[in-house]
């Protein structure tokens, strides 16, 4: 089964974002309007998120069988959906500014929608139990 453009795009975006978070955490986070007064202490957590994104990108790009593609797309979409929940929760608690919450909400929603498009275009079939 040949790879599809949405699957390749999603994997490439996640990989690039992950690399950006690992190599230049403060600069990358500033691009998303997420600023901290003293970024150095938070760089470890940001780099850890970067490794997560890089791993998901690699899984999406490297998945060769329908089963591994299903698992990669579902895991990626689930994490992005949870990121969306965490962003809204943080905004409701007053921990995240409105602009930052808007950017993160858009990014997480777009990623989930792109995962859905990748699922459809890759012909991964009906949603069913994925064996790990």
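Throughout, read-outs are computed from the coordinates displayed, never taken from laboratory work. Since we're looking at a predicted model, the values are computed, not measured. Reconstructed Cβ throughout: ideal geometry from the backbone, glycine too, with neighbour counts over all protein chains shown.
Annotations
- Of 117, 55, 44, the one that fluctuates the most in a GNM where the chain has Cα springs shorter than 10 Å: 44
- Rounded to 10°, Cα long-axis angle of helix 43-62 versus longest principal axis of the chain: 20
- At R0 = 25 Å, FRET efficiency that the Cβ-Cβ distance of residue 52 and residue 97 yields, to 0.05: 0.60
- FRET efficiency, 1/(1 + (r/R0)^6) with R0 25 Å, evaluated for residue 89 and residue 16 via beta carbons: 0.40
- If R0 is 30 Å, the Cβ-Cβ spacing of residue 126 and residue 32 corresponds to a FRET efficiency of close to 0.30.
- Legend: ranking of residues 84, 21 from fewest to most surrounding C-beta atoms inside 10 Å; resulting order 84, 21.
- In degrees, nearest ten, helix 5-23 long axis to first principal axis of the chain (Cα): 30
- All alpha carbon pair distances within the range 39-122 were sorted into 10 Å bins beginning at 0; the resulting P(r) in whole percents reads 17, 42, 30, 10, 1.
- Mean projected area (nm²) of the alpha-carbon convex hull when the range 1-93 is viewed from all directions: 6.4
- Compared with the dominant principal axis of the Cα atoms in the chain, helix 66-92 is inclined by about 30°.
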